[in-house]
1. Running a GNM on the chain with Cα contacts under 10 Å, which residue among GLY253, GLY334, GLY225 ends up with the highest mean-square fluctuation?
2. Of ASN115, LEU165, PHE184, which is farthest on the positive side of the dipole of region 106-195, counting Cα position, with +1 on Lys and Arg Cβ, -1 on Asp and Glu Cβ, and the Cα centre as origin?
3. What's the angle, to the nearest 10 degrees (0 to 90), between helix 3-22's Cα axis and the longest principal axis of the chain?
4. Which FRET efficiency value, to the nearest 0.05, is calculated for GLN168 and ASN51 with the Förster distance at 51 angstrom and r the Cβ-Cβ distance?
5. With +1 on each Lys and Arg Cβ and -1 on each Asp and Glu Cβ, how big is the dipole of the chain about its Cα centre, in debye rounded to the nearest 20?
6. What net charge do the residues around ASN265 carry, taking every other residue with its C-beta under 15 Å from that of ASN265, with Lys and Arg at +1 and Asp and Glu at -1?
7. Any chance you could check the Cα centroid distance between region 217-233 and region 338-365 for me, in angstrom?
8. Taking the chain as a Gaussian network, where each spring joins two C-alpha atoms under 10 Å apart, which residue of ALA49, ALA319, ALA180 fluctuates the most?
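Please treat every number below as a calculation from the coordinates, not as lab data. Bear in mind that the values here come from a model prediction, so they are computed numbers and not experimental data. Reconstructed Cβ throughout: ideal geometry from the backbone, glycine too, with neighbour counts over all protein chains shown.
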Amino acid sequence: MPRGTILNLAGLILILFMFIPAFPLHASDDLMDAGREVNIDFLLENAIAHNLIAGGVVVVGNHQGILYKTSRGRLNSDPGSPQLNERIIFDIASLTKVIATAPAVMRLLEVGAINLMDPISRWFPEFVGSGREEITILNLLTHTSGLDDIALSADGPINNAIQKLIDQSWKLPGNRFRYADINFILLGELVLRVSGIALDQFCQQQLFEPLKLNDTMFTPPHEMGNVIAPTMESNHVMVSGTVQDYNARRLGGVAGHAGLFSSANDLGRFSRLLLGGGIIDNRRIFSERVVSQMTAPYFYSNGNVVRGLGWDIESPYSAPKGINFSEMSYGHTGYSGSSIWIDPHQDLFVVLLTTRLDYHDTRRFKRLRSDISTLAVALFGKSRNPLD
C-alpha cells in the first residue's frame, strides 16, 4: 500500500479509536460505515452532545473550490431557529488578525507604503524616547514585540493603551514569541495612520469587495441578527451581532485583533485565494510574492515556535493542524470557537466555525479542532510524495 495512503488511514483509525471510548455510540455504531460525511458529522454531533458547542460548520476545499461541507446544530437555543449552514455568520474573533489585519498590512507593504523593518516609532511618534523605538512591524506581525496585553479604556483607548505600553517593564523584542492581542491592535491603528482610512473601510475596499466576501464585515447591522450565530458572554448570556472581545468593543467593534464577522463560505474563498497564490476565479488579488512572504516561516523561541506574518505555523496554538497537515501548512484559531488551517502541499484547507459553549475544557476543544483537520486530510488530502 502507498505510504501516503497508510498515513491517511492511520489518521482516520486514530480518530475513531480516540472517540469511541470517550463518547459511546450506543445504537449508532453503523455510522462508521456510512461514509466520509458521517465521520465528520460524528465529531460535531458528539461535541454538541457533550455541551462543548451548540453547533458547528465545517468546510473543506482546495484552490478550485469546495470539496465538502457540513453543519450541525441551530442558530440559537430556540428549537425553531434556522439550522446552521455555510452562510451563517459568526464572530470569528482572532481570525480577524489573519483575514483582515495582516492582509491589510501586506497590501500596504505591496504598494511600498511601509517596510517590515520600519520601527513603530515611524508611525507612532508617541513611542519616541520610550526605549521601545526598535520594535518593528515584523515584530508586531509575529508577536515578538515583547509587549504584554492590557485592558483598553473606553475613553481614548489607543492613546491610553500606548501610554500603558510605554510604562510596561522592558522586554527585548525580536527573539521570544509572546502571543498578545496588543500587537494587532497597534497594526489596526497602523493601517489607519498609513492609509488615512479606518481598518474596516480599508479591508472592505481592498479585500472583501474584490474577493466577493459578502458575509464578511465589522459591526454588522442590527437587522442581520437573524443570520448571526451568538457568542457567550461572561454571565453565560448568548449575544448575537456584538463582538465578544471587550477590547474590541472599546474600539467601537473595529480592531486589529478581533471584531470581524464572517461565514465558512467566505473563509473558504479566502483560503482558496491563498492556495491559488493570490488568484481566485482567474482574478489576481495579491501578488504571488506577497502570499509567499506572508506565509513564509519565521523561527522564534529557540526554534520551538514557527510563525508566518500573522499566521501560525507551529506553536502552542496549532491544534487545528492535526497530525496529517504538512510542515508547509499554516492557520489560526479564534477564541469564539473558530479556526482555519491551510496546506499548500496538500492543496487543502479546513474551516471550522462553532457556537462555543465550554470555554474551560480547552483540551477537549483543541482535540475537536485537531481531529476534524486530521480526518479531513485523511479523506480529502492529495499526496504529492513521489513514492506514492
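1. In the Gaussian network model the winner is GLY225.
2. ASN115
3. 80
4. Working: r = 38 Å, r/R0 = 0.75.
For R0 = 51 Å, the calculated efficiency reads 0.85.
5. Numbers: 33 positive and 38 negative charges, 118 e Å.
It works out to roughly 560 debye.
6. Working: positive: LYS69, ARG87, LYS212, ARG269, ARG272; negative: GLU86, ASP215, ASP266, ASP281.
That sum, taken over residues with Cβ under 15 Å, equals +1.
7. Here the answer is 20 Å between Cα centres.
8. Among ALA49, ALA319, ALA180, the largest mean-square fluctuation in the Gaussian network model of the chain belongs to ALA49.
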